[in-house]
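A short reminder: the numbers here are calculations on the coordinates, not readings from a lab. Computed from a predicted structure; not experimentally measured. All Cβ positions, glycine included, derive from the backbone under ideal geometry; neighbour counts span all protein chains shown.
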Amino acid sequence: MSINAISVGLPTGLAGWKILQSKTPQDFSAFIKDPVLQRDIAYLRETLPTMATAKDLLDDRRLQEMVLKAYGLDAQVGMNALMQKVLDSDPTDTSSVAARMTDAKYRKISSALNYGGLRIPEIPAVPSSATVQVEGIRAGKTFTSFSGTFGGISVSDVSLEGANSRIEVAAALQAAFRKADGKNSDISVTALGGKIIFSDAKGRGEAVNFTFVADPASTARASLAENLAGSKAIAAQGGPKVTDSATVEQIISLYTQARFEESLGESSETLRQAIYAKRLLPTVTSWYSVIADRNLASVVQNYLGLPDSFGTLDVDKQKSTFEQRMDIADFQDSTKLNKMLDRFVAQSSVAEAQALASSSGIASLIQPVPWGGDTFSGASASALLSIIYQ
């Protein structure tokens, strides 16, 4: 059970609304430490990255409920057939199921999880290699030192004193490069016949400035016979983003915010709707998106003084009325949006207080629209959602 607004000391009405302007859920310690919330967050963080497909996610009912709540799609919980079509949509395809949904929340969840996005598999590294022709090494007739760069790793003045064979030279050089490479074993140096062969499994680059130093009296000689730069691996691109920690943390943040708004609604549906509207209205660019979200529509209708019955009108009639009453660009103007929400809270708080005074308790206040739901059906729902099953 979530912590309600009263338990964290938040008043209702304009006083509570003013406080909320400078607060986040993390500022309410009783809420953020709620053991149920913390268990949900831990489950999200642990389980979501293992969901390789949209079906995997939807088959986990607990996870499905949390992820859909994070994106304001609570009413779609259990609608697996529709949600799989949405989640498997390519976010770049304007004809996909998610793209054809009027409510932008479907496109947001499809893009965020990216189950249907283009997938480019990892391109493995092409190893770098260098071949050095070595001649004249024998006891007392060897190199004194080596300097150079291979695979982006540089060594300097590596002692080769006492390395009386190509095998011993190779072993000394491999040890030096691996030490310089953080003790990783990607670089190998081996002797093969009259050659010493360098290889870097990560393909980080060719041999540069190879310098074998020998005493003037030594017969040891070395020359670079072959030098291939190779190429680094290219990580896989696209596909599900659930393995991306930043994506998981964003969903956790959205889920926490949704739960906080839910807790506000336990004592004041007005505050819940207002903080929800403040978060989402700036992202809205279509009146159909407002109409599709009955909670946003309720806020706008209240502000414009439209009756509750307005929501039962034809979708296009609602859109036309909204367009006549206000400019949708006002939602992106923080000053205008704040003024609108202040007025909404003031008007709705009076109605809540009157309902409370005439009732026997909080439980009989009002029957709000189910969060994330709508009241459309039949032809209106079909026109609004614009879904075509094939």
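Some points to look at:
- Cβ crowding within 10 Å averaged over residues, with 284-290, 12-18 ranked highest first: 284-290, 12-18
- In a simple Cβ point-charge model (Lys, Arg +1; Asp, Glu -1; nothing else charged), region 184-336 has a dipole of about 380 debye relative to its Cα centre.
- When Kirkwood radius over Cα pairs in Å is calculated for this entry, the matching label among (i) 23.5; (ii) 26.0; (iii) 22.2 is (ii).
- With Cα atoms, 0 to 90° folded angle of helix 166-180 axis to the chain main axis: 30 degrees
- Panel order for Leu82, Leu37, Leu271, Leu113, by other beta carbons found within 10 Å of each beta carbon, from fewest to most: Leu82, Leu37, Leu113, Leu271.
- Farthest toward the positive end of the dipole of the chain, out of Leu337, Ser89, Leu264, is the Cα of Ser89, where the dipole comes from beta carbon charges about the Cα centre.
- With Cα atoms defining each centre, region 104-121 and region 200-268 are spaced 23 Å apart in the structure.
- A simple charge model with +1 on the Cβ of Lys and Arg, -1 on the Cβ of Asp and Glu and nothing else charged puts the dipole of region 39-171 at about 280 debye relative to its Cα centre.
- Note on region 118-244: dipole from Cβ charges, positive end direction compared against Ile153, Leu228, Ile120; the farthest Cα belongs to Ile120.
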